Amino acid sequence: MTSTREKGLIVSFGEMLIDFVPTESGVSLAESPGFLKAPGGAPANVAIAVTRLGGRSAFVGKLGGDEFGHMLAGILRENGVDDTGVSFDKGARTALAFVTLRSDGEREFMFYRNPSADMLLRPDELNLELIRSAKVFHYGSISLITEPCRSAHLKAMEVAKEAGALLSYDPNLREPLWPSPEEARKQIMSIWDKAEIIKVSDVELEFLTENKKIDDESAMSLWHPNLKLLLVTLGEDGCRYYTKKFHGAVQTFNVNAVDTTGAGDSFIGAFLSKIVDDQSVLEDEKKLRKVLRFANACGAITTTKKGAIPALPSDSEALSFIKDNQRRKENTFRVGYVSCLHSSLDSRLQQIPCSRGI
(Lines give C-alpha, C1' and ligand atoms only; values in the text may rest on other atoms or scores of the structure.)
Protein backbone atom coordinates (compact mmCIF):
# COMPACT_ATOMS: atom_id res chain seq x y z
CA MET A 1 0.00 0.00 0.00
CA THR A 2 1.10 3.57 -0.70
CA SER A 3 1.88 5.54 2.46
CA THR A 4 0.37 9.00 2.90
CA ARG A 5 3.82 10.59 2.48
CA GLU A 6 4.27 8.95 -0.92
CA LYS A 7 0.92 10.19 -2.24
CA GLY A 8 0.71 13.22 -4.50
CA LEU A 9 -0.08 16.54 -2.83
CA ILE A 10 -3.34 18.35 -3.59
CA VAL A 11 -3.05 22.06 -2.81
CA SER A 12 -6.34 23.90 -2.34
CA PHE A 13 -6.39 27.70 -2.69
CA GLY A 14 -8.99 30.19 -1.48
CA GLU A 15 -11.26 30.96 1.44
CA MET A 16 -11.96 29.33 4.79
CA LEU A 17 -14.69 30.68 7.03
CA ILE A 18 -17.28 29.94 9.70
CA ASP A 19 -20.71 28.75 8.53
CA PHE A 20 -23.58 29.36 10.95
CA VAL A 21 -26.27 26.82 10.12
CA PRO A 22 -29.80 27.10 11.63
CA THR A 23 -30.55 24.41 14.18
CA GLU A 24 -34.00 24.06 12.59
CA SER A 25 -34.37 23.34 8.89
CA GLY A 26 -36.88 25.05 6.62
CA VAL A 27 -36.93 28.43 8.38
CA SER A 28 -35.55 31.86 7.51
CA LEU A 29 -32.52 33.32 9.27
CA ALA A 30 -34.76 35.60 11.31
CA GLU A 31 -37.01 32.73 12.37
CA SER A 32 -34.21 30.35 13.36
CA PRO A 33 -34.12 29.70 17.13
CA GLY A 34 -30.36 29.14 17.02
CA PHE A 35 -27.34 28.37 14.88
CA LEU A 36 -24.77 25.60 14.72
CA LYS A 37 -21.20 26.87 14.23
CA ALA A 38 -19.43 24.88 11.53
CA PRO A 39 -16.07 25.43 9.79
CA GLY A 40 -16.40 25.80 6.03
CA GLY A 41 -15.28 27.48 2.84
CA ALA A 42 -15.22 25.39 -0.35
CA PRO A 43 -11.43 25.14 -0.91
CA ALA A 44 -10.84 24.25 2.75
CA ASN A 45 -13.64 21.69 2.61
CA VAL A 46 -11.93 20.06 -0.38
CA ALA A 47 -8.57 19.96 1.42
CA ILE A 48 -10.11 18.21 4.43
CA ALA A 49 -12.19 15.90 2.23
CA VAL A 50 -8.90 14.67 0.71
CA THR A 51 -7.20 13.93 4.02
CA ARG A 52 -10.32 12.26 5.46
CA LEU A 53 -10.02 9.83 2.56
CA GLY A 54 -6.36 9.13 3.28
CA GLY A 55 -4.79 11.57 0.82
CA ARG A 56 -2.32 14.45 1.20
CA SER A 57 -3.48 18.05 1.00
CA ALA A 58 -2.49 21.59 1.84
CA PHE A 59 -4.51 24.78 2.12
CA VAL A 60 -3.33 28.20 0.94
CA GLY A 61 -5.28 31.24 2.12
CA LYS A 62 -5.58 34.00 4.69
CA LEU A 63 -7.47 34.02 7.99
CA GLY A 64 -8.20 36.75 10.50
CA GLY A 65 -5.84 37.07 13.44
CA ASP A 66 -8.85 36.43 15.69
CA GLU A 67 -10.13 33.46 17.65
CA PHE A 68 -12.10 32.13 14.70
CA GLY A 69 -9.05 32.34 12.43
CA HIS A 70 -6.80 30.42 14.82
CA MET A 71 -9.60 27.92 15.45
CA LEU A 72 -9.89 27.25 11.72
CA ALA A 73 -6.13 26.81 11.33
CA GLY A 74 -6.29 24.33 14.19
CA ILE A 75 -9.07 22.40 12.43
CA LEU A 76 -6.89 22.12 9.32
CA ARG A 77 -4.04 20.67 11.37
CA GLU A 78 -6.35 18.33 13.31
CA ASN A 79 -7.50 16.92 9.98
CA GLY A 80 -3.98 16.41 8.68
CA VAL A 81 -3.99 19.33 6.23
CA ASP A 82 -0.68 21.15 5.72
CA ASP A 83 -1.32 24.74 6.89
CA THR A 84 2.10 26.22 6.06
CA GLY A 85 0.36 28.19 3.29
CA VAL A 86 -1.95 29.94 5.76
CA SER A 87 -1.25 33.53 6.77
CA PHE A 88 -3.06 35.74 9.31
CA ASP A 89 -4.22 39.35 9.14
CA LYS A 90 -4.37 41.16 12.48
CA GLY A 91 -6.42 44.01 11.01
CA ALA A 92 -9.22 41.95 9.44
CA ARG A 93 -11.76 39.44 10.67
CA THR A 94 -12.31 35.87 9.57
CA ALA A 95 -15.26 35.63 7.17
CA LEU A 96 -18.66 34.49 8.48
CA ALA A 97 -21.58 33.06 6.53
CA PHE A 98 -25.10 32.43 7.78
CA VAL A 99 -26.61 29.59 5.79
CA THR A 100 -30.36 29.05 5.62
CA LEU A 101 -31.49 25.48 5.09
CA ARG A 102 -34.75 25.40 3.16
CA SER A 103 -37.25 22.59 3.60
CA ASP A 104 -35.79 20.86 0.50
CA GLY A 105 -32.27 20.89 2.00
CA GLU A 106 -30.98 23.60 -0.34
CA ARG A 107 -29.23 26.70 0.97
CA GLU A 108 -29.39 30.48 0.95
CA PHE A 109 -26.45 32.59 2.14
CA MET A 110 -25.79 35.81 4.05
CA PHE A 111 -22.10 36.78 4.24
CA TYR A 112 -20.14 38.98 6.66
CA ARG A 113 -16.87 39.97 4.92
CA ASN A 114 -16.30 43.70 4.46
CA PRO A 115 -13.48 43.04 3.94
CA SER A 116 -12.61 39.69 5.52
CA ALA A 117 -9.05 38.44 5.82
CA ASP A 118 -9.28 36.02 2.87
CA MET A 119 -9.89 38.99 0.53
CA LEU A 120 -6.61 40.60 1.59
CA LEU A 121 -4.14 37.84 0.67
CA ARG A 122 -1.27 39.38 -1.32
CA PRO A 123 0.94 37.70 -3.95
CA ASP A 124 4.06 38.30 -1.81
CA GLU A 125 2.46 36.31 1.05
CA LEU A 126 2.15 33.10 -0.99
CA ASN A 127 4.14 30.04 0.05
CA LEU A 128 5.51 29.40 -3.44
CA GLU A 129 7.54 26.36 -2.39
CA LEU A 130 4.37 24.66 -1.18
CA ILE A 131 2.47 25.56 -4.36
CA ARG A 132 5.29 24.22 -6.55
CA SER A 133 5.09 20.87 -4.76
CA ALA A 134 1.43 20.37 -5.77
CA LYS A 135 0.52 17.53 -8.09
CA VAL A 136 -3.02 18.98 -8.29
CA PHE A 137 -3.81 22.65 -7.68
CA HIS A 138 -7.49 23.24 -6.87
CA TYR A 139 -9.30 26.60 -6.63
CA GLY A 140 -12.65 28.39 -6.85
CA SER A 141 -13.79 31.81 -8.03
CA ILE A 142 -14.55 33.73 -4.81
CA SER A 143 -10.87 34.70 -4.59
CA LEU A 144 -11.26 36.51 -7.95
CA ILE A 145 -13.79 39.05 -6.65
CA THR A 146 -11.44 41.72 -5.25
CA GLU A 147 -7.81 42.77 -5.07
CA PRO A 148 -5.29 41.92 -3.78
CA CYS A 149 -6.59 38.34 -3.52
CA ARG A 150 -7.31 38.17 -7.24
CA SER A 151 -3.66 38.86 -8.07
CA ALA A 152 -2.57 36.30 -5.47
CA HIS A 153 -4.89 33.75 -7.09
CA LEU A 154 -3.53 34.39 -10.59
CA LYS A 155 0.07 34.20 -9.32
CA ALA A 156 -0.57 30.92 -7.49
CA MET A 157 -2.17 29.38 -10.60
CA GLU A 158 0.76 30.47 -12.76
CA VAL A 159 3.35 29.04 -10.36
CA ALA A 160 1.46 25.74 -9.97
CA LYS A 161 1.09 25.33 -13.73
CA GLU A 162 4.75 26.09 -14.40
CA ALA A 163 5.67 23.42 -11.84
CA GLY A 164 3.56 20.84 -13.67
CA ALA A 165 0.44 20.68 -11.49
CA LEU A 166 -2.93 19.62 -12.85
CA LEU A 167 -5.28 22.61 -12.50
CA SER A 168 -8.73 21.87 -11.01
CA TYR A 169 -11.47 24.53 -10.97
CA ASP A 170 -14.79 24.56 -9.14
CA PRO A 171 -16.36 28.04 -9.60
CA ASN A 172 -18.51 27.60 -6.45
CA LEU A 173 -20.83 30.44 -7.45
CA ARG A 174 -22.03 32.69 -4.63
CA GLU A 175 -23.97 35.44 -6.40
CA PRO A 176 -24.51 37.71 -3.34
CA LEU A 177 -20.74 38.26 -3.13
CA TRP A 178 -20.41 39.66 -6.65
CA PRO A 179 -21.26 43.25 -7.71
CA SER A 180 -23.51 41.86 -10.47
CA PRO A 181 -24.30 38.60 -12.30
CA GLU A 182 -22.52 39.99 -15.37
CA GLU A 183 -19.33 40.64 -13.40
CA ALA A 184 -19.52 37.17 -11.89
CA ARG A 185 -19.74 35.53 -15.32
CA LYS A 186 -16.95 37.68 -16.71
CA GLN A 187 -14.49 36.93 -13.89
CA ILE A 188 -15.39 33.25 -13.56
CA MET A 189 -14.80 32.78 -17.28
CA SER A 190 -11.62 34.90 -17.28
CA ILE A 191 -9.59 31.90 -16.06
CA TRP A 192 -11.78 29.19 -17.61
CA ASP A 193 -9.36 28.11 -20.34
CA LYS A 194 -6.53 27.49 -17.86
CA ALA A 195 -8.19 24.61 -16.00
CA GLU A 196 -7.76 20.97 -17.01
CA ILE A 197 -10.53 19.68 -14.73
CA ILE A 198 -13.68 21.75 -14.20
CA LYS A 199 -16.61 20.83 -11.96
CA VAL A 200 -19.85 22.81 -12.11
CA SER A 201 -23.26 22.24 -10.57
CA ASP A 202 -26.45 22.25 -12.64
CA VAL A 203 -27.25 25.71 -11.21
CA GLU A 204 -23.81 27.01 -12.24
CA LEU A 205 -24.21 25.52 -15.71
CA GLU A 206 -27.48 27.45 -16.13
CA PHE A 207 -25.85 30.64 -14.81
CA LEU A 208 -22.74 30.49 -16.99
CA THR A 209 -24.51 29.50 -20.21
CA GLU A 210 -27.61 31.65 -19.52
CA ASN A 211 -29.56 28.63 -20.70
CA LYS A 212 -32.18 26.77 -18.66
CA LYS A 213 -31.44 23.49 -20.44
CA ILE A 214 -29.25 21.01 -18.56
CA ASP A 215 -28.13 18.84 -21.47
CA ASP A 216 -25.02 17.72 -23.34
CA GLU A 217 -25.13 20.61 -25.79
CA SER A 218 -25.29 23.17 -23.00
CA ALA A 219 -22.43 21.50 -21.11
CA MET A 220 -20.22 21.20 -24.19
CA SER A 221 -20.63 24.93 -24.87
CA LEU A 222 -18.25 25.34 -21.91
CA TRP A 223 -15.61 23.04 -23.40
CA HIS A 224 -12.16 24.44 -24.24
CA PRO A 225 -9.09 22.83 -25.89
CA ASN A 226 -6.99 22.54 -22.69
CA LEU A 227 -9.76 20.76 -20.79
CA LYS A 228 -9.36 17.07 -19.94
CA LEU A 229 -12.58 16.56 -17.98
CA LEU A 230 -15.77 18.54 -17.42
CA LEU A 231 -18.01 17.37 -14.57
CA VAL A 232 -21.60 18.54 -14.06
CA THR A 233 -23.14 17.60 -10.70
CA LEU A 234 -26.91 17.14 -10.66
CA GLY A 235 -27.74 16.73 -6.98
CA GLU A 236 -29.98 13.71 -6.43
CA ASP A 237 -29.58 12.80 -10.12
CA GLY A 238 -25.83 12.11 -9.85
CA CYS A 239 -23.38 13.63 -12.30
CA ARG A 240 -22.43 13.82 -15.96
CA TYR A 241 -18.90 13.66 -17.33
CA TYR A 242 -17.36 14.89 -20.58
CA THR A 243 -13.92 14.19 -22.05
CA LYS A 244 -12.49 14.57 -25.55
CA LYS A 245 -13.30 10.93 -26.34
CA PHE A 246 -16.41 10.00 -24.36
CA HIS A 247 -19.19 11.25 -22.12
CA GLY A 248 -21.88 9.77 -19.90
CA ALA A 249 -23.71 9.87 -16.58
CA VAL A 250 -23.32 8.18 -13.20
CA GLN A 251 -26.27 7.84 -10.84
CA THR A 252 -25.94 8.79 -7.18
CA PHE A 253 -27.30 7.17 -4.01
CA ASN A 254 -30.65 7.76 -2.32
CA VAL A 255 -30.30 9.30 1.14
CA ASN A 256 -32.35 11.46 3.48
CA ALA A 257 -30.67 14.84 2.85
CA VAL A 258 -30.42 17.08 5.92
CA ASP A 259 -27.98 19.71 4.62
CA THR A 260 -26.42 19.90 1.16
CA THR A 261 -23.61 22.22 2.36
CA GLY A 262 -20.25 20.80 1.29
CA ALA A 263 -21.66 17.97 -0.85
CA GLY A 264 -20.02 19.31 -4.01
CA ASP A 265 -16.74 19.85 -2.16
CA SER A 266 -16.87 16.31 -0.81
CA PHE A 267 -17.52 15.07 -4.36
CA ILE A 268 -14.59 16.88 -5.98
CA GLY A 269 -12.26 16.19 -3.03
CA ALA A 270 -13.02 12.47 -3.33
CA PHE A 271 -12.52 12.59 -7.09
CA LEU A 272 -9.16 14.39 -6.87
CA SER A 273 -7.93 12.05 -4.13
CA LYS A 274 -8.46 9.11 -6.48
CA ILE A 275 -6.86 10.58 -9.62
CA VAL A 276 -3.93 12.55 -8.17
CA ASP A 277 -1.60 9.55 -8.56
CA ASP A 278 -3.37 7.93 -11.50
CA GLN A 279 -4.34 10.45 -14.14
CA SER A 280 -4.96 7.61 -16.62
CA VAL A 281 -8.46 7.63 -15.06
CA LEU A 282 -9.18 10.69 -17.20
CA GLU A 283 -8.74 8.62 -20.37
CA ASP A 284 -10.30 5.32 -19.26
CA GLU A 285 -14.11 5.46 -19.09
CA LYS A 286 -14.48 2.32 -16.97
CA LYS A 287 -12.02 3.64 -14.37
CA LEU A 288 -13.60 7.09 -14.49
CA ARG A 289 -17.09 5.76 -13.83
CA LYS A 290 -15.83 3.77 -10.83
CA VAL A 291 -14.14 6.87 -9.37
CA LEU A 292 -17.24 9.00 -9.98
CA ARG A 293 -19.41 6.41 -8.22
CA PHE A 294 -17.09 6.73 -5.21
CA ALA A 295 -17.24 10.55 -5.43
CA ASN A 296 -21.05 10.41 -5.64
CA ALA A 297 -21.12 8.27 -2.50
CA CYS A 298 -18.99 10.81 -0.61
CA GLY A 299 -21.22 13.66 -1.73
CA ALA A 300 -24.36 11.77 -0.70
CA ILE A 301 -22.99 10.92 2.74
CA THR A 302 -22.12 14.57 3.34
CA THR A 303 -25.76 15.62 2.90
CA THR A 304 -26.90 13.41 5.79
CA LYS A 305 -25.40 15.69 8.48
CA LYS A 306 -25.41 19.43 9.18
CA GLY A 307 -22.34 21.45 8.28
CA ALA A 308 -19.70 20.68 5.66
CA ILE A 309 -16.48 19.62 7.38
CA PRO A 310 -18.16 17.65 10.21
CA ALA A 311 -20.04 15.62 7.58
CA LEU A 312 -17.10 14.70 5.30
CA PRO A 313 -16.66 10.90 5.24
CA SER A 314 -13.59 8.74 5.74
CA ASP A 315 -12.51 6.22 3.12
CA SER A 316 -13.84 3.30 5.17
CA GLU A 317 -17.21 5.05 5.67
CA ALA A 318 -17.56 5.66 1.94
CA LEU A 319 -16.64 2.07 1.03
CA SER A 320 -19.03 0.65 3.65
CA PHE A 321 -21.77 2.93 2.35
CA ILE A 322 -21.26 1.69 -1.22
CA LYS A 323 -21.15 -1.95 -0.08
CA ASP A 324 -24.31 -1.60 2.03
CA ASN A 325 -26.09 0.10 -0.86
CA GLN A 326 -25.09 -2.70 -3.20
CA ARG A 327 -26.27 -5.31 -0.70
CA ARG A 328 -29.66 -3.60 -0.37
CA LYS A 329 -30.01 -3.52 -4.15
CA GLU A 330 -29.19 -7.22 -4.42
CA ASN A 331 -31.67 -8.09 -1.65
CA THR A 332 -34.37 -6.00 -3.32
CA PHE A 333 -33.68 -7.71 -6.63
CA ARG A 334 -33.71 -11.15 -4.97
CA VAL A 335 -37.02 -10.47 -3.18
CA GLY A 336 -38.51 -9.08 -6.38
CA TYR A 337 -37.29 -12.05 -8.40
CA VAL A 338 -38.67 -14.63 -5.92
CA SER A 339 -41.99 -12.76 -5.75
CA CYS A 340 -42.14 -12.72 -9.54
CA LEU A 341 -41.31 -16.44 -9.65
CA HIS A 342 -44.03 -17.29 -7.14
CA SER A 343 -46.57 -15.23 -9.10
CA SER A 344 -45.61 -17.03 -12.28
CA LEU A 345 -45.90 -20.47 -10.62
CA ASP A 346 -49.25 -19.59 -9.08
CA SER A 347 -50.49 -18.49 -12.47
CA ARG A 348 -49.34 -21.73 -14.10
CA LEU A 349 -50.82 -23.92 -11.33
CA GLN A 350 -54.18 -22.21 -11.76
CA GLN A 351 -54.12 -23.19 -15.43
CA ILE A 352 -53.52 -26.95 -14.75
CA PRO A 353 -56.85 -28.88 -14.75
CA CYS A 354 -57.46 -30.93 -11.58
CA SER A 355 -58.42 -34.65 -11.95
CA ARG A 356 -60.52 -36.63 -9.49
CA GLY A 357 -58.49 -38.34 -6.84
CA ILE A 358 -55.69 -35.89 -6.99
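The values are calculated or read from the model by the stated rules, or taken from the named source; none is laboratory data. Remember, predicted model here, so these are calculated numbers, not experimental data. Every residue, glycine as well, gets a Cβ built from its backbone with ideal geometry; the counts of neighbours run over all protein chains shown. Areas reflect the complete protein model, heavy atoms only, side chains present, ligands, DNA and RNA absent. Shrake-Rupley method; radii C 1.70, N 1.55, O 1.52, S 1.80 Å.
THR51: touching a Ser or Thr at 6+ places or on another chain (Cβ under 8 Å), within 27 Å of LYS155 (Cα to Cα) and of a type in the set (Ser, Thr, Tyr), yes or no?
Answer is yes for this residue.
Select from region 96-119 the residues that are touching a helix residue (DSSP H, G or I) at 6+ places or on another chain (Cβ under 7 Å) and modelled with pLDDT of 95 or more and list them in ascending order.
Answer for region 96-119, where residues must be touching a helix residue (DSSP H, G or I) at 6+ places or on another chain (Cβ under 7 Å) and modelled with pLDDT of 95 or more: ALA117, ASP118, MET119.
Quick one: which strands (runs of 3 or more DSSP E) lie wholly within region 50-137 and hold at least 3 residues that are touching a Leu at 6+ places or on another chain (Cβ under 7 Å) and open to solvent by less than 50 Å² (accessible area, probe 1.4 Å)?
In region 50-137, 56-64, 82-89, 96-101 are the strands (runs of 3 or more DSSP E) which contain 3 or more residues that are touching a Leu at 6+ places or on another chain (Cβ under 7 Å) and open to solvent by less than 50 Å² (accessible area, probe 1.4 Å).
Regarding region 170-177, can at least one residue be identified that is part of a helix (DSSP H, G or I), at pLDDT below 95 and open to solvent by less than 60 Å² (accessible area, probe 1.4 Å)?
yes
Please determine whether any residue of region 12-33 is closer than 19 Å to GLU175 by Cα, assigned to a loop (DSSP other than H, G, I, E, B) and open to solvent by 20 Å² or more (accessible area, probe 1.4 Å).
Yes: one or more hits.
State all residues of region 230-250 that are open to solvent by 60 Å² or more (accessible area, probe 1.4 Å) and either within 20 Å of TYR169 (Cα to Cα) or at pLDDT below 95 (or both); if no residue qualifies, say none.
Those that are open to solvent by 60 Å² or more (accessible area, probe 1.4 Å) and either within 20 Å of TYR169 (Cα to Cα) or at pLDDT below 95 (or both): GLU236, ASP237, ARG240, LYS244, HIS247.
Inside region 294-332, can you point out the residues that are polar (S, T, N, Q) and without any contact (Cβ under 8 Å) to a residue 12 or more places away in the chain? Spell out the reasoning first.
Just the residues of region 294-332 that are polar (S, T, N, Q), to begin with: 296, 302-304, 314, 316, 320, 325-326, 331-332.
Those that are polar (S, T, N, Q) and without any contact (Cβ under 8 Å) to a residue 12 or more places away in the chain: SER316, SER320, GLN326, ASN331, THR332.
Test PRO225 against the criterion of being over 24 Å from ASN127 (Cβ atoms), in contact (Cβ under 8 Å) with a residue 40 or more places away in the chain and open to solvent by 10 Å² or more (accessible area, probe 1.4 Å), and give yes or no.
Numbers: over 24 Å from ASN127 (Cβ atoms): yes; in contact (Cβ under 8 Å) with a residue 40 or more places away in the chain: no; open to solvent by 10 Å² or more (accessible area, probe 1.4 Å): yes.
Answer is no for this residue.
(1) modelled with pLDDT under 95; (2) assigned to a helix (DSSP H, G or I): which one isn't true of THR304, the others all being true?
(2)
Going through region 268-281 one residue at a time, which ones are open to solvent by 10 Å² or more (accessible area, probe 1.4 Å) and either hydrophobic (A, V, I, L, M, F, W, C) or in a helix (DSSP H, G or I) (or both)?
Scanning region 268-281 gives SER273, LYS274, GLN279, SER280.
Inside region 188-217, can you point out the residues that are touching a helix residue (DSSP H, G or I) at 6+ places or on another chain (Cβ under 8 Å), in a helix (DSSP H, G or I), open to solvent by 20 Å² or more (accessible area, probe 1.4 Å) and closer than 21 Å to LEU272 by Cα?
Those that are touching a helix residue (DSSP H, G or I) at 6+ places or on another chain (Cβ under 8 Å), in a helix (DSSP H, G or I), open to solvent by 20 Å² or more (accessible area, probe 1.4 Å) and closer than 21 Å to LEU272 by Cα: LYS194, ASP202.
Just name the residue that is farthest from the chain's Cα centre (by Cα) out of those in region 139-164 that are within 16 Å of MET189 (Cα to Cα) and not in a helix (DSSP H, G or I).
The qualifying residue farthest from the chain's Cα centre (by Cα) is THR146.
Yes/no matrix, rows are residues, columns are (1) over 18 Å from ASN256 (Cα atoms); (2) surrounded by fewer than 24 Cβ atoms within 10 Å (Cβ to Cβ):
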position	(1), (2)
GLU285	yes, yes
LEU288	yes, yes
VAL291	yes, yes
ALA295	no, no
GLY299	no, no
LYS306	no, yes
PRO313	no, yes
GLU317	no, yes
